[in-house]
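Down below is the structure, laid out as structure tokens.
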């Protein structure tokens, strides 16, 4: 399995410079941050511009760290407004934007949002199955232990389990607050991140057309982590194959109101509360040549230089600034690792 995957990745590297659209795809976008996410809508716009048919089906609210959770029973009307306020409390628990039938929400988990698209929306609207599911881009990396509970990655794994090629995308640009599609403006970094995603899709298409094979090998998905970069530098990022490290970045906090990691995320919590919190690196140090820090171990390097993505995924502001400096100075790599499907998704 590993040898076959490496052969496939070597072929992917051979077409890395190709930017010509091979053929139009039917693509479902999802995430765990909410269907209004500016990141996801930027990818939606750029993929549409590239000629693909695209729809979004994602949670109505923030579902970060929900992992493979699903919900059963009727979906009730919304108790709260959606995260960016485009759908108000009391509205049906699933639906679409009034002015865009491509944008759908489900008041449930990322996995259920994907199943809603694959089981209902896609057959009804397109009359065929989806060609690709893209989950994200996530707010922050999904590396090391962060990958275990990630709703972004789990949504992609649901799709893989249904036989649909899937890519989970995370990135190092983490705004201090959630940004909805209403905040998108030309020149935003969101579109440059989206262009990286489109570039990867083009490369997968080109390889598939040349080899007359599927976009991805059966049962294999991609976990893509885009480092923070300075504006205008996204096109210089190159893809490097990696494998996830085993760093456990979760711990129990006795008083999270005083926890430095909670404060770094800008969360407001009451004193004495207890919660599992993901630890993130505070260091902006570069790594020794040839490898990532503990959170990412280098596997087969297809091209480009290594980049420090941090120990467990969600980089601090200090680390992000260091990452941007290093990306601009050295030419960072986009880390790509394999995902496997859930054992059973029917």
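Points worth noting:
- Footprinting exposure proxy ranking of 133, 220, fewest other C-beta atoms within 10 angstrom first, gives 220, 133.
- Taking other C-beta atoms within 10 Å as the exposure proxy, 87, 75 rank 75, 87 from fewest upward.
- Taking 7 Å steps out from each Cα toward its Cβ at residue 119 and residue 45 produces label points 3.3 nm apart.
- For segment 75-150, diffusion coefficient by Stokes-Einstein and Kirkwood Rh (Cα), 10 °C, 1.306 mPa s, µm²/s: 111 µm²/s
- Rg/Rh, computed from the Cα trace of segment 110-208 with Rh as the Kirkwood radius, has the value 0.98.
- Subtracting the Cα-Cα distance of residue 213 and residue 236 from 0.36 nm times their residue separation leaves 5.5 nm of extension gain.
- Fewest-first ranking of 36, 254, using other Cβ atoms within 10 Å as the exposure measure: 254, 36
Coordinate-derived values only; no laboratory data. Everything quoted here is computed from the prediction, not taken from an experiment. In this analysis, Cβ positions are derived from the backbone assuming ideal geometry, glycine residues included, and neighbour counts consider all displayed protein chains.
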